[in-house]
Amino acid sequence: MVILGLTEISFCSLQGAASPQRKLTQISTIGALYSGLYDGLAPVSDMARFGDLGIGTFDRLDGELIQVDGQVYQVSFDGKVHRPSATMATPFFVTTFFTPDDSFTPPSGTDLKELETLIDARIPSQNLFYAVRIDGQFQHLKTRSMPRQSKPYRPFAELEAGQAVFELADLQGVAVGFRCPDYSAAFNAPGYHFHFLNDEKTAGGHVLALVTRKVTVRLETIPVIEVHLPQGNSDWSSAVLPH
Ligand SMILES: [Zn+2]
């Protein structure tokens, strides 16, 4: 019984084992990755244990990772798309068992910033996490992929000049991403972060820009976050991580 001088109290309904699917699971932190901790920490196959829709990267920052319908793809620096072996490692991924609770169709010609504004206007809170899946036809996409690194690793910000950028036009595919709140900056990327894969599995990457033609946007509200931190990795253990 609640005996407080408040007229209305809304309790959060904690998710238990009965509904574990609306959860974001990630390994390591984006800050660790951006610091230059590019060594793989877990096999890519681990992603399937925690979700079927996600993004990330590979050991030594070897391209962009996108997980769609449980399948993991690698968009390499040369722009080609591969199916990585299950034993390939990843230093950072984010995944969820995608169970959308909202969807909408933005107008043709919507660009990335406009799309983010439309999603911002629909979501119930700026303080929760969201998975976003955008399926359909795109007029234009600008994506990037990173080249595989070798030690000593340099911080991510120093590598952007060496990224490969791809201009893609008139293609059908899926953009997968997450919206993370500002307070999560210590462990994930605040705001939106999308990776793209075309239906033919021949093009994709980290999304820098896009313009829709005819797409459906689906959203999943995520109230549970699970961050897996590595033990026994000396570089990770001794790093001074940004906060
Ligand atoms: Zn990315």
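The numbers here are math on the coordinates, done by the rules we state, and not lab data. Quantities reported herein were computed from a predicted structural model and do not represent experimental measurements. Glycine gets a Cβ as well: all are built from the backbone with ideal geometry, and neighbour counts include every protein chain shown.
Summary of computed values
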item: Centroid-to-centroid separation of the stretch 58-118 and the stretch 122-174 [C-alpha atoms, Å]; result: 8
item: Share antiparallel - DSSP beta bridges, the chain, percent rounded to 5; result: 95
item: Size descriptor, Kirkwood hydrodynamic radius, that averages inverse alpha-carbon separations across the chain, Å; result: 18.6
item: Relative contact order of the chain, defined on C-alpha pairs under 8 angstrom at six or more residues apart (%); result: 29
item: Fully extended contour minus Cα-Cα distance, from ASP199 to SER150, at 0.36 nm per residue; result: 14.5 nm
item: GNM result for the chain, Cα springs below 10 Å: residue of PRO152, PRO181, PRO84 fluctuating most strongly; result: PRO152
item: Extended-chain gain in nm, criterion 0.36 nm per residue less alpha-carbon gap, LEU118 and ALA209; result: 31.2 nm
item: Nearest-20 debye value, the stretch 145-243 charge dipole, Cβ charges on Lys, Arg, Asp, Glu; result: 80
item: Two-site label geometry, THR87 and ALA186: point separation in nm, points 7 Å out along Cα→Cβ; result: 3.7
item: Estimated FRET transfer efficiency (ASP69, SER238; beta-carbon r; R0 25 Å; 0.05); result: 0.05
item: Computed magnitude of the charge dipole of the chain (debye, nearest 20; Cβ of K, R +1, Cβ of D, E -1); result: 220
item: Dipole of the chain [Lys/Arg +1, Asp/Glu -1 at C-beta], most positive-end residue of PHE98, HIS82, LEU159; result: HIS82
item: Over the stretch 136-243, relative contact order from alpha-carbon pairs under 8 Å, at least 6 apart, %; result: 32
item: Global form of the stretch 112-243, assessed from the alpha-carbon gyration tensor, a/c cut-off 1.5; result: oblate
item: Computed E for GLN126/ARG49 - FRET, C-beta separation, R0 30 angstrom, nearest 0.05; result: 0.50
item: Length added when fully stretched, HIS228-SER103, from 0.36 nm per residue minus Cα-Cα; result: 42.0 nm
item: Candidates ARG133, ARG49, ARG179, ranked by Gaussian network fluctuation over the chain, Cα under 10 Å, top entry; result: ARG49
